[in-house]
Structures are given as structure tokens and as C-alpha cells.
Amino acid sequence: MNVQWYPGHMTKARRQMQEDIKLIDLIIELVDARVPLSSRNPDIDELGKNKSRLILLNKADLADERQNEAWKEYFQKKGYFVVKVDSRSGSGMKMIQNVIQEACKEKIERDRRRGIKNRPIRAMVVGIPNVGKSTFINTFAGKACAKTGNKPGVTKGKQWIRLNKGVELLDTPGILWPKFEDQEVGIRLAYIGSIKDDVLNMEELSLSLIDYLRIKYQGVLEKRYGIPEEGTSLEVMEAIARARGCLKKGEELDYGKTAGILFDDFRSGRLGRITLEWVE
Ligand code: G4P
């Protein structure tokens with residue numbers, strides 16, 4: 001996947017989102033639990049300031065459980081509703097229904113006072129590319145869900161997925177653009193695979209990932225590769241290369257291949273559950 005944002009795309013995406021937000025009661029914002037700040041665009045706070053917000057810490061299965069809890073508290077303190085989910089397995093989905101009702105309590109109450117009965121809560125999913133929006137919609141809505149709204153071909157209206165009597169979901173998620181201006185944000189998004197690898201220097205990224213892991217998750221490299229974690233990060237990378245037989249012709253180490261193995265292991269969770277941004 002190639003994350004490339006041009007001003008034209010951004011303006012179009014933002015305009016679309018502004019229009020869509022007018023139609024809904026609740027914003028379901030997906031963030032990646034491994035990088036809960038770098039994977040969100042705070043512009044959504046302004047765009048959606050009058051709407052209830054449910055933040056989903058998605059890919060919670062890949063992140064450190066202690067940090068998941070800490071981030072949940074962090075966002076709750078800011079006034080958002082938060083649920084930890086694994087959209088791939090479906091873990092956490094059951095909780096969401098109740099939390100949606102809770103998050104939209106005021107709207108339900110307002111409707112009741114005005115004598116409006118059974119008007120469903122309308123929600124839309126937003127998030128940066130690759131955060132898991134489609135996976136979430138598929139898992140949450142399930143296969144048997146009914147699409148409502150205008151018939152295609154008749155009017156170009158919005159398609160809503162009826163989740164149950166009380167909730168409808170806009171079938172197309174809103175794409176937020178990542179905040180690339182901060183280099184650290186770019187690096188963290190690269191770690192999790194949200195930026196195309198071939199435009200990056202994966203070998204350099206490996207050295208900084210090794211440093212981070214040695215500080216915050218001491219022992220994971222040793223456990224995975226059976227190597228000592230001492231020395232410079234380059235020495236550790238070389239030890240991983242030797243342990244995994246990453247050699248070019250002759251005895252020269254293959255750093256590119258080593259970087260590939262390291263990032264594959266990290267992104268698939270084989271190094272363990274790791275959070276790259278900790279609550280301060
Ligand atoms: P997007 O619509 O926001 O762009 O994201 P999408 O759903 O396409 O998900 C991006 C990748 O993240 C997919 O992996 C998807 O399976 C994975 N993913 C989504 N949610 C979760 C989660 O909660 N936990 C984990 N571990 N992974 C998740 P992929 O490698 O691109 O595809 P595939 O190998 O799963 O087919």
C-alpha cells in the first residue's frame with residue numbers, strides 16, 4: 001500500500017468528511033493501538049467537535065496490554081468512549097453495542113423528549129489508511145447485514161448498513177490523512193508498515209527499532225533470535241543476521257534480508273505484543 005497525500009486529495013477527503021459528518025450522530029475513530037497518537041489525525045477533533053466519539057484501539061492484539069489500558073484511560077480522560085478491539089478475530093466487538101448506546105445517550109434522550117421514537121443512531125468509521133477500517137466494518141457488521149438507503153442507480157445516495165434496530169453505519173469509511181510533518185510520526189508509521197517499505201531505508205529503521213526494543217522491551221530480541229542484546233545496535237543486527245543465516249555470496253552479511261525478517265516478526269506479533277508509543 002502506498003500512502004501518498006497530495007493537497008488535492010486532502011481537500012477532497014476533508015470536504016467529503018465534512019459532508020458525511022453532518023449526517024451522523026457518532027464518529028467511530030480507529031487508531032492503531034501500537035501507535036495511538038501517530039496513527040490519528042487530530043484534525044478530526046475539530047471536524048467532529050459536535051459529535052459523540054468512540055475511539056477504537058484497534059490491533060490491540062499486537063500491542064502491550066498494560067499500554068492498551070493506559071491509552072484507554074488517556075482517551076477516556078479526554079471525554080471519549082474507548083474500546084480495545086481486534087477487528088481480525090472479532091474480540092471486543094460485543095462491548096461496542098453497549099458503548100454506542102452510552103455514547104449517544106444524550107441524542108436518544110433528546111429524541112425521546114421531542115417524541116421521536118426509534119430513530120436509529122447513525123455512525124461512521126474514520127481513520128488513516130491501513131488502520132483496519134474495512135476489516136472492522138466487515139467484522140462488526142457481519143456478512144448478513146442489510147444495506148439500507150437509496151437504491152443504487154436511482155439516486156446517488158448514501159448506503160447505510162443496518163447493524164440492528166438501533167444503529168446504522170455508513171458503509172464507506174472516512175479516510176484521514178496521517179500527519180507526516182513530524183518525522184517521528186513518519187518513522188512510527190513506517191515501523192507498523194503503513195508507509196511503503198521500498199521508499200524507506202529499512203536497514204536504518206532496523207537499527208532504531210532494535211534500540212527501542214532494547215530499552216522498552218528488554219529480552220524480546222534475545223528470546224526470539226537467541227542472541228545477546230549487548231553492544232551497539234549494529235552489532236545486535238549482525239548477530240540477528242548470523243542467527244538467521246542472512247548471508248550474501250561469501251561471508252558478507254545481508255542487512256536487507258535481516259531487516260525484512262525483523263520487521264516481519266515485529267508486524268506479525270512474533271516478537272510479542274509491543275507498543276511503540278507509551279503514555280507519558
Ligand atoms: P483500512 O481499511 O483502514 O485501510 O485497513 P484494512 O481493514 O485493509 O486492514 C489493514 C491490515 O490490518 C490488514 O492486514 C488487516 O487484516 C489488518 N488488521 C485489521 N485489524 C486488525 C486487528 O485488529 N489485528 C490485527 N492483528 N490485524 C488487523 P493485511 O496484511 O493488509 O491483510 P491480510 O493479511 O489480513 O489479508
Using a 1.4 Å probe over the heavy atoms of the protein chains, calculate the carbon and sulfur portion of the accessible area of region 216-273 as a whole percent. 47 percent
Residues with amide H under 5 Å of Val85's amide H, sequence separation 5 or more or different chain, H placed in the peptide plane at 1.01 Å from N; which? Leu57, Asn58, Lys59, Ala60
Pop the C-beta distance of Lys22 and Tyr212 into the FRET formula with R0 = 30 Å and round what comes out to the nearest 0.05. 0.10
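Okay, helix-only estimate at 222 nm for the chain: each DSSP H run of n ≥ 4 adds -39500 (n - 2.57), divide by all residues, round to 500 deg cm²/dmol; what do you get? Provide the component values of the computation, followed by the final result.
Details: 11 runs with 117 residues, N = 280.
Computed mean residue ellipticity for the chain: -12500 deg cm²/dmol.
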Projected label distance in nm at Gln76 and Lys117, using a 7 Å step from Cα toward the beta-carbon: 3.6 nm
Reachable aspartates and glutamates from Lys117, criterion Cα separation under 12 angstrom, eight or more residues apart if same chain: Glu109
Given a 1.4 angstrom probe, what's the average accessible area per residue across the chain, in square angstrom? 54 Å²
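Of Phe81, Phe266, which has the most accessible area with a 1.4 Å probe, and how do the rest follow in descending order?
On the way: Phe81 65, Phe266 5 Å².
Ranked from most to least accessible, the order is Phe81, Phe266.
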Using a Förster distance of 25 Å, the FRET efficiency for Lys223-Val199 (Cβ separation, nearest 0.05): 0.20
About the Cα centre, charge dipole magnitude for the chain (Lys/Arg +1, Asp/Glu -1 at Cβ), debye: 2280 debye
Taking the 0 to 90 degree range and rounding to the nearest ten, how far is the long axis of helix 202-216 tilted relative to the main principal axis of the chain, both from C-alpha atoms? 80 degrees
Alpha carbon centre of region 110-125 versus region 210-239: separation in Å? 54 Å
Net charge (Lys, Arg +1; Asp, Glu -1) of residues whose beta-carbon lies under 14 Å from that of Lys77, Lys77 excluded, is 0
Can you tell me how the chain classifies by the Cα gyration tensor, rounded, prolate or oblate, using a/c under 1.5 as the rounded cut? prolate
Among Lys165, Lys51, Lys133, which one shows the biggest mean-square fluctuation in a GNM of the chain, springs joining Cα atoms closer than 10 Å? Lys165
Between Ser52 and residues 5 or more places away or on another chain, the pairs with built amide H atoms under 5 Å apart involve Ile27
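The values are calculated or read from the model by the stated rules, or taken from the named source; none is laboratory data. Keep in mind that this is a model prediction, so the values were computed, not measured. Backbone-built Cβ (ideal geometry, glycine too); neighbour counts: all protein chains shown. Heads up: the accessible areas ignore ligands, DNA and RNA and are worked out on the full protein's heavy atoms, side chains in. Shrake-Rupley method; radii C 1.70, N 1.55, O 1.52, S 1.80 Å.
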